[in-house]
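The values are calculated or read from the model by the stated rules, or taken from the named source; none is laboratory data. Worth saying up front: this structure is predicted, and the values here are computed from it rather than measured. Surface areas here come from the heavy atoms of the whole protein model, side chains and all, with no ligands, DNA or RNA. Shrake-Rupley method; radii C 1.70, N 1.55, O 1.52, S 1.80 Å.
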Amino acid sequence: KEFGDVNSPHLNKVNPDLASWAAHQRYCFRNNLTSLSEERRSKLQELGFIWEVAEFKKSAKEAEREQKRCMKWESKFNALVAYKESREDGDVNTVDLYKDNASLASWCNHQRYAYNKGYTSMTEEKKQRLESLGFMWNISTAASAAEG
């Protein structure tokens, strides 16, 4: 309860006996030993016990990377919102973006690329949020709209 799950890496330091017991349960599970009854296995499953620690660590790292990607996307989206608000015309498709903020312009191009290639990273929610700013997916369309 102290760590919110039964798979805490702090367990070895805080309660080495419990950590050793958990390791033994995993050993019994992997080797299909009868000392790990179906009832005990079920109870551990209900608690969210992780049988394959390597897979758990891999999943945790993937989740951490995904969270970082989401935070980076939100940060760039917020920068685009701020850029839009800073412009009198509110245009987020302008070539001025390249002069004003090359990093943000590059991110915008990456969003267009992801959308045009059908990448799953360009979710419907992201698409709608960008479009709510007047974001155009085809930069030549954006240039024509600015001229016309």
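Under the Kirkwood approximation applied to all pairs of distinct alpha-carbon atoms, what is the hydrodynamic radius of the range 42-132 in Å?
When all Cα pairs of the range 42-132 are included, the Kirkwood radius is 15.8 Å.
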Quiz item: Ignoring ligands, DNA and RNA, how do CYS70, CYS108 rank by accessible area with a 1.4 Å probe, largest first?
Solution: CYS70, CYS108
Quiz item: Leaving out same-chain residues fewer than 8 places away, which lysines sit with a Cα under 19 Å from that of LYS61?
Solution: LYS72
Quiz prompt | √(5λ) per eigenvalue of the Cα gyration tensor, the range 22-71, largest first, Å | solution = 29, 11, 6
Quiz prompt | In Å², nearest 10: area of TRP21 left accessible to a 1.4 Å probe | solution = 100 Å²
Practice problem: On the full set of protein chains, 1.4 Å probe, figure out the accessible area of GLU62 and give it in Å² to the nearest 10. | Solution: 80 Å²
Exercise. Kindly sort LYS127, LYS72 by accessible area of their heavy atoms, largest first, with the probe set to 1.4 Å.
Key: LYS72, LYS127
Practice problem: Please work out how much accessible surface ILE50 shows to a 1.4 Å probe, ignoring ligands, DNA and RNA, in Å² rounded to 10. | Solution: 40 Å²
Self-check item: Exposure rank, largest accessible area first [ARG41, ARG69; 1.4 Å]
Solution: ARG69, ARG41
Practice problem: Determine the share of the range 24-74's accessible area contributed by carbon and sulfur atoms, expressed in whole percent, with a 1.4 angstrom probe. | Solution: 53 percent
